[in-house]
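Written out below as structure tokens is the structure these notes cover.
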Amino acid sequence: MKEDKLVIGNHEFDSRFILGSGKYSLDLIDAAVKHAGAQIITLALRRTTTDDAANILDYIPEGITLLPNTSGARTAEEAVRIAKLSRELGCGDFVKVEVIHDSKYLLPDNYETIKATEMLAKEGFIVMPYMYPDLNAARDLVNAGASAIMPLGAPIGSNKGLCTKDFIQILIDEIDLPIIVDAGIGKPSQACEAMEMGAAAVMANTAIATAGDIPAMAGAFKHAIEAGRTAYLAGLGRVIEKGGSASSPLTGFLKN
Amino acid sequence: MTVNGEAKKLSGDSVVLADFLVQEGYKQGRIAVEHNGRIVPKGEYGQVVLSDSDTLEVVTFVGGG
Amino acid sequence: MSERIDEHTDHMKYTDDMQAIDHDIMDRVIAEMDAYDADVYTAADVKAALAAEECSVENFKALLSPAALPFLEEIAQKAQKETRKHFGNSVMLFTPLYIANYCENYCIYCGFNCHNKIKRAKLNAQEIEKEMKTIAETGLEEILILTGESPKNSSVEYIGEACKIARKYFKVVGLEVYPMDSKDYAYLHECGADFVTVFQETYNSDKYKTLHLGGRKRIFPYRFNAQERAIMGGIRGVGFAALLGLDDFRKDALATGMHAYLLQRKYPHAEIAFSCPRLRPIINNDKINPKDVHEPQLLQIICAYRIFMPFASITISSRECARFRDNIIQIAATKISAGVNVGIGGHTGEEKGDEQFEIDDGRGVDEIYQMIEKNGMQPVMSDYIYV
């Protein structure tokens, strides 16, 4: 079998599992990353304190690509500001654009996200926008210079699964960039389903952070994502619906 | 001076940013600094002179999804 | 002044007076076509294509392969399902109007080619108006304006005038004229045209150069990129076709589909149409025929287009016989010409110039209309608004 790489902005990855690092303790991160087999981990940017609190960067294993998000941004301009501060921390050009000004459902604002994507792509960032799966918005993101598109399966943290399945499928079919399902994935089976559909990768955080055994759940997701990817590449078999065949065949009129 | 939203008194005139960060105990390799809305490249920490009317944001990575 | 193009001219190189645009789509289409080996596909591939919810490029290739022929009935069933899903039972009617048959190209299979001794003519504004008025009286609301390919004799301004007249009598104005630059398409759009069809004839550029021995048409990429330039000029919909029988028809059908597919991905707002012409005898050469593209193969191609791009308009030419046309509109085609005359000025009885090829189905608008209704379909004259 030929090599199957996830390519984002000229960077190649073997793993198709993007792991979030929120909502669980730092000393579990290393084990979670290793069990997940993840090569990309997301981070957020916050004001720091001067005490001796441990820093997350000290807990992330070597060689992992950091994907800072712009959480907290309510407008494109704020997202750009956060992204630039993140880059100043010297951890690469990747950024997951996240613009939210809805505190109840935490749904992304596609319009502001497109604007932020355009500004950041021009600044040389590898931009991975988190978005509501709308085909027109996705096309605008492509034109704005995105390197991958990250549609949500369900609201952040809801663990509800692929509520937007049909619309994500449209993005997979129509958009030439990697489609990475982000947010809402609650179970390994849902991650597997997203991969079977042809998603390029899955991002998960809450599902793992809220599991009884965090590293074990990270491992379960890894296997589910790999299984889904393999199934997609293998080509899903389907039973042809026979039904009743037409009483008068459509091709009876033909002459050779 | 305002640092991360909190008032802070400078120890004297012409305090340089680099010294201020050391005094305050920030982990130099783990932060990014915005001075009056402008991101300060690490190489310029020694040249930025702080005054009491300044606003400083000092940020770092935390867990996030 | 445009340079003279003859059989020694490099057919892959734009001349200085041609608008050159990005050639990404052309490169990809040619690469896909070159890599396509229709014989490697098996019955299993065809079954997978029939079962697929969304037709992939690989599925499309399988549907066009010889392995698909034994599954023609299943393919037709699936195509019909897709057609019904997207178009219901409606069938659009239109008629072509040839306003001039001057041509500067030397295409060896075409009745209009500049070395073929036929009667040449061009309708003036009064004659165009008279023809259009006559056509409009039959109830048709869509017209396709055609010329031979002579920018000298049928200038952009001349075509523009025809479009302006057409807007008075018809709701939909399409063009099938020589390829031009974006600014010219923009001008014709202003004059009222909203659809542009250009036949690539064959996508095999090596074959192409042996068939197109002179004139601007010889320049392969300029013709290939006509649809994209039309979209850039603000034209709403574009039509594609290979003239089936000129070369390996499976490869040409694949390339036609890929061309439309890639352009639609790049310009998602563009409306897509296919035509499926087979070679026909012409004046002074009744030996020309569609070779190995028999009716089953033609049906296979049309159904494959339908399944690959279920939302596309597919036109069935009057080159085909009434029996084939009556059936294909119930399966996969969505647009049919009626009251067709491919000579110059033939609608008002006094033909000034000879025809491009022989038609087979000469039925008038009323007859076609009734035929559609009789088959339980709904004839539609126009479903479109010019904005």
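Overview of values
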read-out	value
Residues that are more than 27 Å from C:G192 (Cα to Cα) and buried (at least 19 other Cβ atoms within 10 Å of the Cβ), drawn from the stretch C:364-376	C:M371, C:I372
Residues satisfying the stated conditions in the stretch A:169-201, i.e. over 18 Å from B:G65 (Cα atoms), surrounded by fewer than 23 Cβ atoms within 10 Å (Cβ to Cβ) and within 14 Å of another protein chain (Cβ to nearest Cβ)	A:Q169, A:I170, A:I172, A:D173, A:E174, A:I175, A:D176, A:L177, A:E196, A:M197, A:G198
Residues of the stretch A:14-38 satisfying the condition of being within 12 Å of chain B (Cβ to nearest Cβ) and assigned to a strand (DSSP E or B)	A:I18, A:L19
Counted residues, the stretch A:238-256 - those being at pLDDT 60 or above, more than 8 Å from every other protein chain (Cβ to nearest Cβ) and open to solvent by 70 Å² or more (accessible area, probe 1.4 Å)	2
Restricting the stretch C:78-109 to residues that are hydrophobic (A, V, I, L, M, F, W, C) and open to solvent by 20 Å² or more (accessible area, probe 1.4 Å), the residue that is modelled with the lowest pLDDT	C:I108
Residues satisfying the stated conditions in the stretch C:150-167, i.e. at pLDDT 95 or above and in contact with a helix residue (DSSP H, G or I) (Cβ under 8 Å, 6 or more places away or on another chain)	C:V156, C:I159, C:G160, C:E161, C:A162, C:C163, C:I165, C:A166
Search result, residues across the stretch A:125-160 that are part of a loop (DSSP other than H, G, I, E, B) and within 14 Å of chain C (Cβ to nearest Cβ)	A:D134
Some residue of the stretch A:207-221 being in contact with a Lys or Arg (Cβ under 7 Å, 6 or more places away or on another chain) and modelled with pLDDT of 95 or more	no
Of the criteria (1) touching a Leu at 6+ places or on another chain (Cβ under 7 Å); (2) within 14 Å of chain A (Cβ to nearest Cβ), which one C:Y36 fails	(2)
Index of the failed condition, A:A54 passing every other in (1) among the hydrophobic types (A, V, I, L, M, F, W, C); (2) part of a loop (DSSP other than H, G, I, E, B); (3) closer than 29 Å to A:E193 by Cβ	(3)
Unmet criterion (only one of (1) surrounded by fewer than 21 Cβ atoms within 10 Å (Cβ to Cβ); (2) at pLDDT below 95) for A:K165	(2)
Test: B:G12 is more than 12 Å from the chain's Cα centre (by Cα), outside any strand (DSSP E or B) and at the interface with chain A (Cβ under 10 Å from one of its Cβ atoms)	no
Helices (runs of 4 or more DSSP H) enclosed by the stretch C:218-285 - at least 2 residues per element that are of a type in the set (S, T, Y)	C:249-266
Among residues of the stretch C:310-355, those that are among the basic types (K, R), in a helix (DSSP H, G or I) and open to solvent by 30 Å² or more (accessible area, probe 1.4 Å), counted	1
Of all residues in the stretch C:41-59 being touching a residue at least 24 places away in the same chain (Cβ under 8 Å) and in a helix (DSSP H, G or I), the one that is farthest from A:I170 (Cα to Cα)	C:A43
Selection from the stretch A:114-129 of residues that are touching a helix residue (DSSP H, G or I) at 6+ places or on another chain (Cβ under 7 Å), open to solvent by less than 10 Å² (accessible area, probe 1.4 Å) and within 16 Å of A:I100 (Cβ to Cβ)	A:A116, A:T117, A:P129
Test: C:N113 is crowded, with 23+ Cβ neighbours inside 10 Å and polar (S, T, N, Q)	yes
Candidate set from the stretch A:47-97 (those that are open to solvent by 10 Å² or more (accessible area, probe 1.4 Å) and hydroxyl-bearing (S, T, Y)); member that is farthest from the other protein chains (Cβ to nearest Cβ)	A:T75
Sole exception among (1) surrounded by fewer than 21 Cβ atoms within 10 Å (Cβ to Cβ); (2) within 14 Å of chain A (Cβ to nearest Cβ); (3) touching a residue at least 12 places away in the same chain (Cβ under 8 Å) for C:E358, by number	(2)
Identity of the residue in the stretch B:37-56, open to solvent by 30 Å² or more (accessible area, probe 1.4 Å) and assigned to a strand (DSSP E or B), that ends up nearest to the other protein chains (Cβ to nearest Cβ)	B:I39
From the options C:E161, C:E157, C:E190, residue that is surrounded by fewer than 23 Cβ atoms within 10 Å (Cβ to Cβ), among the acidic types (D, E) and farther than 25 Å from C:C114 by Cβ	C:E190
Whichever residue in the stretch B:23-36 is modelled with pLDDT of 90 or more and not in a loop (DSSP other than H, G, I, E, B) and, among such residues, is farthest from the other protein chains (Cβ to nearest Cβ)	B:H35
Qualifying positions in the stretch C:358-383 - polar (S, T, N, Q) and closer than 15 Å to C:I331 by Cα	C:N375, C:Q378
Filter result (hydrophobic (A, V, I, L, M, F, W, C) and not in a loop (DSSP other than H, G, I, E, B)) within the stretch C:190-205	C:F195, C:V196, C:V198, C:F199
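This table checks each residue for (1) out of contact with any His (no Cβ under 9 Å at 6 or more places or on another chain); (2) charged (D, E, K, R); (3) at pLDDT 95 or above.
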site	(1), (2), (3)
C:I219	no, no, no
C:F240	no, no, yes
C:A260	yes, no, yes
C:R265	yes, yes, no
C:P268	yes, no, no
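The values are calculated or read from the model by the stated rules, or taken from the named source; none is laboratory data. Remember, it's a predicted structure, so these values are computed and weren't measured experimentally. Every residue, glycine among them, receives a Cβ derived from its backbone with ideal geometry; neighbour counts consider all protein chains shown. Surface accessibility is based on the protein's heavy atoms, side chains included, excluding ligands, DNA and RNA. Shrake-Rupley method; radii C 1.70, N 1.55, O 1.52, S 1.80 Å.
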